[in-house]
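The values are calculated or read from the model by the stated rules, or taken from the named source; none is laboratory data. The model shown is predicted, which means the values in this text are computed figures rather than measured ones. A quick note on method: Cβ atoms are made from the backbone with ideal geometry, for glycine too, and the neighbour counts reach across all protein chains shown. When the accessible area is computed, the model is the full protein with side chains, heavy atoms only, and any ligands, DNA or RNA have been set aside. Shrake-Rupley method; radii C 1.70, N 1.55, O 1.52, S 1.80 Å.
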4 protein chains.
Amino acid sequence: MTHMSQRRRGAVRSEAARVAILRATAHLFQASGYDNLAMESIAAEAGVAKQTIYRWWPSKSALVAECLLEGLLMPDLGLPDTGDVKADLIAWTDRIFTILREPSGESLVRSLIAAATENADIGRRLHDSLGTESSVTGRLADAVEAGQLRDGSRLQEIAEALVGAVLLRALGRIPIAAGDAERLVDTVLGGALAR
Amino acid sequence: MTHMSQRRRGAVRSEAARVAILRATAHLFQASGYDNLAMESIAAEAGVAKQTIYRWWPSKSALVAECLLEGLLMPDLGLPDTGDVKADLIAWTDRIFTILREPSGESLVRSLIAAATENADIGRRLHDSLGTESSVTGRLADAVEAGQLRDGSRLQEIAEALVGAVLLRALGRIPIAAGDAERLVDTVLGGALAR
Amino acid sequence: MTHMSQRRRGAVRSEAARVAILRATAHLFQASGYDNLAMESIAAEAGVAKQTIYRWWPSKSALVAECLLEGLLMPDLGLPDTGDVKADLIAWTDRIFTILREPSGESLVRSLIAAATENADIGRRLHDSLGTESSVTGRLADAVEAGQLRDGSRLQEIAEALVGAVLLRALGRIPIAAGDAERLVDTVLGGALAR
Amino acid sequence: MTHMSQRRRGAVRSEAARVAILRATAHLFQASGYDNLAMESIAAEAGVAKQTIYRWWPSKSALVAECLLEGLLMPDLGLPDTGDVKADLIAWTDRIFTILREPSGESLVRSLIAAATENADIGRRLHDSLGTESSVTGRLADAVEAGQLRDGSRLQEIAEALVGAVLLRALGRIPIAAGDAERLVDTVLGGALAR
DNA sequence: CAATAAACGAGACGGTACGTCGAGTCTTGCT
DNA sequence: AGCAAGACTCGACGTACCGTCTCGTTTATTG
C-alpha cells in the first residue's frame, strides 16, 4: 500500500507572500491602529496584489486574527509560574499595565478590542488570555492543584474578571497608578485564596 | 435679575434637527451596528443636511456618545437597591446577560465597545456602568455604608471586574448559562462581603 | 407675474470640472486610443474625483460622445461648398485620407469606430458625417437644388456609401494611394451626376 | 515519398483543445459580444487552461479572427451567382439587412467591428467581404467578364462602398426599411452597369 | 422694517478605500 | 512538450462614504 495522497494540481500557495502579508499587517496595525489599517496599504507594503490577500483571507479582521495567532501583534506576555499564583498574576497584570501606560500601548490594546468587535476569533482569544499565548485559566487550574487556591474556585470567572478589568481600563482610558495591579488581583482572587 | 445673555444674531439651533439626528443615529446604530453606521445615512434618515451634523458634532463617535448619554441606545438597566448588594448585583448582571443572550443584544453591546475604542467618553461611560445611568461603584459605596461590604473594600476594582467580565463575554461571544450571573458576582465580591 | 423659475437647491455643477474632464478625455483618447482610455487616468489628469465623472456621465463611451460633440476629438473637416459637389467631396475625402495615411490618424479613426460600437450616439454621428460638424447628406441636398445632381438621387445612400467606404478602409488598414479619393467619389456619385 | 518531417519531441498540440477553445470563443462571442468576452470564461467553458490559449494565440482578437476564418461566427452569406450581378448583390445585401434587423444580429455585427478595430486580419476580412467566405470584388470581376459591368469599372470602390454602407448602418443603428438593399446596390452600381 | 447673519436643505466636490474582475505570466505535477 | 489547475502581479473597475464647500432659503436679531 503506497502513500496515495492525491495532491491537487496547480501552483502552490506562496509562503513568501503569506509571510509578507502578515508582517505588513502587523507593522501597519501597530503603526496606525486597526481602523486606519487599509488593505491597499498592506498589499503595497507587502509587495503583493490585493487579490492575493482576498484569496486567502475574507476580511481585514481575519488577517489581524491570524497575525495575533502567530504572535506578531503582541509581545509574549507569558504568564509566569513561580509557584506563587498571586505574585505571578500581579507580575503579569503589572506588565500589561506598564504597556497600557504608554499611549502607544494603550491604543494598541484598544485596536485589538476594535478588531475583536468584528471578529469572533480575536474576541475569543482576548477572552482567554488577552491575546497572549498562555491562558490565565490554565495557570489558575495549576494553582488549585498546588493547593494555593481553594478547591471549587471559579477559575473561569476569576480569569474573566481580571482580564475584563484590564481591558475595561484600556477602553475607559483610566490612568493606572502604582499598586493597581496588586489591588486588582487581590480583588479578583478575593475569596479564592487558600488560607 | 436682568436679561444678561447677549444673544448673537441669526437663526438659532434647530431642536427638531438635533432630535431627528439623534433618533436616526440611535435607530441606525441598533439596526446596523457602529461600523456600518454612515453619516450620510443618518443625514438622509433624519431629513437633514450632512453639514448640520458636522456643525454640532465633530465625529460619528461623538454623535453616538450623545445618543448614549440621552439613553437612546440602551434600555435603562438601573442598578436596583433592595438593601442586599449581592442580590442587586446579580439581578443587574442577569438582566445584562439576558440581553447578551439575544444575538441582536450581543451585537449591540459589541457595537458599543467598538464605539468606545474610538471615543473616550463612551469608553469612560462603559467603564463606569456599562453605559447605563447608574454607577456600579456608587451602589457599592452605599453597601459599605450599610455594612454589607467590609470597610476598605476595593470598590473601584470590584466594579471594574464585574463590568469588565461582562464585556469580555460579549467580545468573546461566550454563551451564557443560567447561574453565570451569580457565579460572577460571587467571585468579584469574593472577600469583600461582610460576614 | 414674476419669473418663478423654481431653481433647484444645492451647489451648482462645476463648469471647470466639466471642461477639465472633457479636455482630459480628449487628450488621452488621442494619445492612447479608446480601449486604453481609463476613467482613472481621466480623473487624475483632470484633477477630479472619479465620482464626479460618474455623476454626470454613465460610461466612458458617453464621455467620448460628448467630446466628439464638442469638437474636441476631430479637427473640423467642414465639407466645403464651392459650388462643385464632386470637387468638394473629393477634397473632403482627400483630407480624410490624408489623416488616415498617418498611423496616428488611422488609429484615431479606428478608436472612434471602437467607441461607436459601444455608443449609439457616436455611431449615429459617425454615420451622419464621420463625426465632423457638417452632414454629407445636407451638402448633397444642396447640390440637387443647384442642379448638379439628378432629382431623385439617393442622397442618403450616396453619403453612406462614401463615408462607409472611408471607414471600411480604416478598419481594413488599406493603404491609400493618390487618386483614391477621386475614384471613390466618382464611384458613389456614379449615376447621380447630372450630365 | 519518404517520411521526412523530423518531428520535435514532446506531446503534440491537442486538436481537441483547439476546437473546444474556438467553439467556446464563438459561443461566448455571440452570447455576450466582443467586449464582454473574457479569456477566463473561454478557458472555463472550453475546459482548458488559460495558458493553453496563450500558447497558441497572442490575443483575444486573434482568437476571434480564427473563429471568423473557420466560419464559426457568421452564417455563410455566400454571394450568389445567378448571372445577374445586380440581383445577386441585392439578394446578398438583403440577407445581411435581415440579420441587422434583429437586435442580436446587429450587435453581432457591431461586435465584429469592435474586434476589427483591434485586429488587422479581422479588419481586412471585413473589408473584403463583410467577414463571409466570398469576396464581393471577385463577384464583380466575374460580372465584368460577363459583360454586365462596364470595363474599367472601379470594382474595389464599388465593393467598399457597398460593404461600408452596410457596416455604417450597423454602427449608426439605422433602422432598415424594405427596399433599402435595392436602393443601396442601385446607388453603388450607379454608372457601372452596362446598358 | 430693512439689513444682517446664522442655521438649514440640498447636493456637488476632491479624496481614499473598498472588494471584484480580468489580463497575462508563472509554477506544479500529470500525461 | 503539452496540458489542466491554479496562484501570482498588475491595473482598472464602479461604489460607498468621508469631510468640505457652495448654493439659495428660512429664521431670528439688531440697528
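So here's what we get for this one:
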{"item": "Filter pass, residue B:101 being in the same structural domain as residue B:148 (by TED's automatic domain parsing), modelled with pLDDT of 95 or more and away from DNA strand F (no atom under 16 Å from the Cβ)", "result": "yes"}
{"item": "The listed residue being more than 8 Å from chain B (Cβ to nearest Cβ) and at pLDDT below 90, out of A:177, A:194", "result": "A:194"}
{"item": "Condition met for residue A:95 (within 16 Å of DNA strand F (Cβ to nearest atom), assigned to a helix (DSSP H, G or I) and either in contact with a strand residue (DSSP E or B) (Cβ under 9 Å, 6 or more places away or on another chain) or away from chain B (no Cβ under 14 Å) (or both))", "result": "no"}
{"item": "Check on residue B:19, more than 15 Å from the chain's Cα centre (by Cα), more than 10 Å from DNA strand F (Cβ to nearest atom), part of a loop (DSSP other than H, G, I, E, B) and at pLDDT 95 or above", "result": "no"}
{"item": "Residue match in segment B:137-160 (condition: under 24 Å from residue A:125 (Cβ atoms) and out of contact with any Pro (no Cβ under 7 Å at 6 or more places or on another chain))", "result": "yes"}
{"item": "Residues located in segment B:11-38, provided they are among the hydrophobic types (A, V, I, L, M, F, W, C) and either without any contact (Cβ under 8 Å) to a residue 12 or more places away in the chain or more than 23 Å from residue A:113 (Cα to Cα) (or both)", "result": "B:11, B:12, B:16, B:17, B:19, B:20, B:21, B:22, B:24, B:31, B:38"}
{"item": "One residue from B:134, B:107, B:153 being among the hydroxyl-bearing types (Ser, Thr, Tyr), within 13 Å of chain A (Cβ to nearest Cβ) and within 26 Å of residue B:65 (Cα to Cα)", "result": "B:107"}
{"item": "Residue within segment D:122-132 that is open to solvent by 10 Å² or more (accessible area, probe 1.4 Å) and either farther than 26 Å from residue C:112 by Cα or touching a residue at least 40 places away in the same chain (Cβ under 8 Å) (or both) present", "result": "yes"}
{"item": "Residue in segment B:65-83 that is assigned to a helix (DSSP H, G or I), open to solvent by less than 70 Å² (accessible area, probe 1.4 Å) and among the small types (Gly, Ala, Ser) present", "result": "yes"}
{"item": "Residue satisfying condition, being open to solvent by 10 Å² or more (accessible area, probe 1.4 Å), in a loop (DSSP other than H, G, I, E, B) and among the aliphatic types (A, V, I, L, M), within set A:87, A:178", "result": "A:178"}
{"item": "Residue, most open to solvent (accessible area, probe 1.4 Å), within segment C:104-121, restricted to residues that are closer than 13 Å to residue C:169 by Cα and not aliphatic (A, V, I, L, M)", "result": "C:107"}
{"item": "Set C:66, C:102: member being free of Cβ contacts under 8 Å to residues at least 12 places away in the same chain, of a type outside the set (Ser, Thr, Tyr) and either on the phi < 0 side of the Ramachandran plot or within 14 Å of chain D (Cβ to nearest Cβ) (or both)", "result": "C:102"}
{"item": "Filter result (in a helix (DSSP H, G or I), within 9 Å of DNA strand E (Cβ to nearest atom) and open to solvent by less than 60 Å² (accessible area, probe 1.4 Å)) within segment B:40-64", "result": "B:43, B:46, B:52, B:53"}
{"item": "Filter pass, residue A:117 being at pLDDT 95 or above and away from chain B (no Cβ under 12 Å)", "result": "no"}
{"item": "Those residues of segment B:26-81 which are under 20 Å from the mean Cα position of the chain (by Cα) and within 11 Å of DNA strand F (Cβ to nearest atom), in sequence order", "result": "B:28, B:32, B:34, B:35, B:36, B:37, B:57, B:59, B:60, B:61, B:62, B:63"}
